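> First the structure, then my questions, so here it is.
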Amino acid sequence: MERTTAWNLYNKTELRKLEAVSKEYRAFLDAGKTERECVTGAIARAKEAGYRDLKEIIKSNGKLKAGDRVYADCMGKAIMLFIVGKQPMEQGFNIIGAHIDSPRMDLKQNPLYEDSGLAYLDTHYYGGIKKYQWVTIPLALHGVVAKKDGTLVNIVIGEDENDPVVGISDLLIHLSADQMQKKASVAIEGEELNVIIGGMPLKDEEKEPVKANMLKILKEKYDIEEEDFLSAEIEVVPAGKCREMGLDRSMIIGYGHDDRVCAFAQIKAMLDVKTTPDSTCCCILADKEEIGSVGATGMHAKYFENTVAELMNLLGDYSELKLRRALTNAHMLSCDVSAGFDPNFAGVFEKKNSAFLGNGVCFNKYTGARGKSGSNDANAEYMAKLRKLMDDAKVRYQTAELGKVDAGGGGTIAYICAEYGMEVIDSGVAVLSMHAPWEIISKADLYEAFKAYRAFLLNAK
């Protein structure tokens with residue numbers, strides 16, 4: 001039952017392929033620090049590979065046939081890719097699904113203020129974070145500002161080497177006696193996550209001169225006014241590029257591995273399918289998983305189901321009953337990261353049921369918290385099929401739980417898709433420091449995830 005490291009099984013050819021995938025992923029991660037940026041990048045890659053916009057096909061009263069490749073985006077924050085297979089969709093199709101949102105801080109709608117000679121942006125954190133980890137590190141601003149005239153202004157500040165960065169201060173150790181006695185959960189409060197963006201006053205401005213100077217800079221560079229923050233979505237994320245980690249360069253440290261490492265592996269797997277598959281292939285990149293998969297772009301919304309209906313209609317094979325059969329007969333990998341075993345914190349893991357960095361793609365039969373609450377629990381029969389599929393494709397894999405039974409837990413989009421009656425299991429990459437500003441993965445696990453998702457798309461039945 002012991003799973004050994006994948007590194008010892010690679011020959012020189014596979015190591016070259018692994019490094020190529022790793023390099024491509026690092027570029028993807030650096031270019032996609034928000035869900036919007038991930039969707040934009042996915043569309044560009046899909047178009048280059050011959051995918052067409054499903055909405056445009058619908059508008060032109062077009063039709064689809066086996067072998068066609070299409071994409072459908074949802075509000076620029078979620079996207080689906082499809083390769084039409086030879087078999088009717090009613091018989092089922094193969095789905096790989098990940099999320100592209102990551103823990104961060106969002107600017108409030110009225111964020112800009114001045115206090116004691118400094119200009120600040122007020123934030124509301126997004127997803128599960130340890131708030132104290134986000135102070136005293138370089139931060140960047142990414143997002144969009146929607147103006148009343150319909151113009152959409154893209155904002156990226158802090159990533160170019162010539163850009164300034166922003167950040168959040170912490171209390172100096174010399175005055176921290178009371179702070180150091182607090183629980184880690186309240187050492188930094190949510191309302192203390194205020195981002196410093198400036199300290200130079202605008203000359204001849206008497207009222208809030210530093211804030212006035214910030215507004216002047218924003219007007220000159222982006223042509224936006226203070227009121228435009230009311231219709232903006234600007235995210236505060238760690239500044240800087242991901243890096244190779246370890247003297248052996250075996251790992252990658254970066255922001256947003258959860259869950260963009262699986263999203264990248266999915267996209268690459270889809271684009272690597274060059275022939276017409278027997279079963280239709282589907283790749284879902286969803287939003288809002290970190291806050292419960294809610295909202296119009298979260299997995300609880302109906303855009304996936306609606307898009308499948310549109311696809312079947314363009315194939316000339318739609319009915320409500322056939323749609324229900326297609327969804328029920330589908331097979332899915334819910335591709336989300338798993339907790340990597342950390343020897344520094346071994347007490348919260350059950351070692352023989354943990355995921356280890358470098359041991360390959362991880363399958364979580366169930367997730368949830370304490371007694372499997374909120375979990376999808378995959379069928380044993382489905383797990384058996386996947387074992388054979390992975391072994392036949394020479395994919396290195398491991399199985400795991402998310403820590404000790406009573407230590408905590410987590411969830412994914414798996415249980416949502418399972419509501420259709422389809423076969424679903426969680427499959428992803430082990431991560432150290434999950435939900436921290438900088439997370440750690442093994443290149444080997446990324447490579448095996450890509451191989452696993454490609455094999456699943458072509459062979460799952």
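> Which value in nm describes the separation of the simple spin-label points at LYS388 and LYS322, placed 7 Å from the Cα toward the beta carbon?
It works out to 3.0 nm between the two label points.
> Tell me what the chain gives for mean residue ellipticity at 222 nm when only DSSP H runs of n ≥ 4 count, each as -39,500 (n - 2.57), the sum divided by the residue total, rounded to 500 deg cm²/dmol.
Taken over the chain, the calculation gives -8500 deg cm²/dmol.
> Continuing with this model, one more query. Could you look at region 62-117 and say what percent of its accessible area is carbon and sulfur, using a 1.4 Å probe and all protein chains?
Looking at region 62-117 in its full context, I get 46 percent from C and S.
> Using 0.36 nm per residue, how much length does the chain from ASN344 to LEU118 gain when fully extended, once their Cα-Cα distance is taken away?
Here the answer is 77.5 nm.
> Mind listing the long-range amide H neighbours of ASP53? Cut-off is under 5 Å, sequence gap 5 or more, other chains count too, H placed in the peptide plane at 1.01 Å from N.
Amide H neighbours of ASP53: TYR71.
> Using protein chains only and a probe of 1.4 angstrom, how many square angstrom of MET75 are accessible, to the nearest 10?
120
> Return a whole-number percent for the relative contact order of region 125-237, with Cα pairs under 8 Å and 6 or more residues apart as the contact set.
34
> Under a crude label model (7 Å from the Cα following the beta-carbon direction), how far is LYS216 from VAL294 in nanometres?
Here the modelled spin labels are 4.2 nm apart.
> Can you give the accessible area of LEU215 in Å² (nearest 10), computed on protein heavy atoms with a 1.4 Å probe?
40
> Count charges around LEU327 for me, please; just the other residues with Cβ under 15 Å from its Cβ, Lys/Arg as +1, Asp/Glu as -1.
Local net charge: -3.
> How much of the DSSP beta bridge set in the chain is antiparallel, as a percent to the nearest 5?
The antiparallel fraction comes to roughly 70 percent.
> For a quick check of understanding: with a 1.4 angstrom probe and all protein chains in place, what accessible area in square angstrom does THR4 have, to the nearest ten?
Spelled out: THR4, probe radius 1.4 Å, area about 90 Å².
> Let me ask something else. Given MET332, VAL308, GLY360, which one lies farthest toward the positive end of the charge dipole of region 290-428, if we put +1 on the Cβ of every Lys and Arg and -1 on the Cβ of every Asp and Glu?
My answer, from the dipole projection, is GLY360.
> While we're looking at this one, here's another question. Take the residue pairs LYS47/LYS302; LYS203/LYS241; LYS65/LYS372; LYS65/LYS365; LYS77/LYS108 and return only those whose Cα atoms are more than 30 Å apart.
Checking Cα-Cα distances, LYS203/LYS241; LYS65/LYS372; LYS65/LYS365 exceed 30 Å.
> Enter the accessible area per residue of region 247-312 (Å², integer; probe 1.4 Å; all protein chains in place).
30
> Only Lys, Arg, Asp and Glu count, each charged at its Cβ (+1, +1, -1, -1), so figure out the dipole size of the chain about its Cα centre, rounded to 20 debye.
For the chain, the charge dipole is close to 2120 debye.
> Right, another one. Calculate, for GLN179 and LYS17, the FRET efficiency according to 1/(1 + (r/R0)^6) with r their C-beta to C-beta distance and R0 45 Å; round to the nearest 0.05.
FRET efficiency, GLN179 to LYS17: 0.40.
> Find the accessible area per residue for region 100-179; the probe is 1.4 Å, ligands and nucleic acids are left out, and the unit is Å².
52
> Then there's this: At q = 0.13, 0.14 Å⁻¹, what log₁₀ I(q)/I(0) does a Debye calculation on the Cα points of region 331-461 give, no solvent, two decimals?
-0.50, -0.58
> Given a 1.4 Å probe and every protein chain left where it sits, what share in percent of the accessible area of region 308-371 is carbon and sulfur?
52
> If the chain between LYS241 and LEU9 were fully stretched, how many nm would it gain, using 0.36 nm times the residue separation less the Cα-Cα distance?
Extending this stretch completely gives an extra 80.5 nm.
> Right, another one. Going through region 69-103, which trypsin sites (Lys or Arg not before Pro) have at most 13 other Cβ atoms within 10 Å and a DSSP loop state?
For trypsin sites (Lys or Arg not before Pro) across region 69-103 that sit outside H, G, I, E and B with at most 13 neighbouring Cβ atoms in 10 Å, the list reads LYS86.
> For the chain, which cysteines have no disulfide-compatible partner, meaning no other cysteine Cβ under 4.7 Å?
CYS38, CYS74, CYS242, CYS281, CYS282, CYS283, CYS362, CYS417
The values are calculated or read from the model by the stated rules, or taken from the named source; none is laboratory data. Since the structure is predicted, the reported quantities are computational estimates derived from the model, not experimental observations. Using ideal geometry, Cβ is built from the backbone for each residue, glycine included, and neighbour counts are taken over all protein chains shown. Remember, those area values only see protein heavy atoms, side chains included, never the ligands or the DNA or RNA. Shrake-Rupley method; radii C 1.70, N 1.55, O 1.52, S 1.80 Å.
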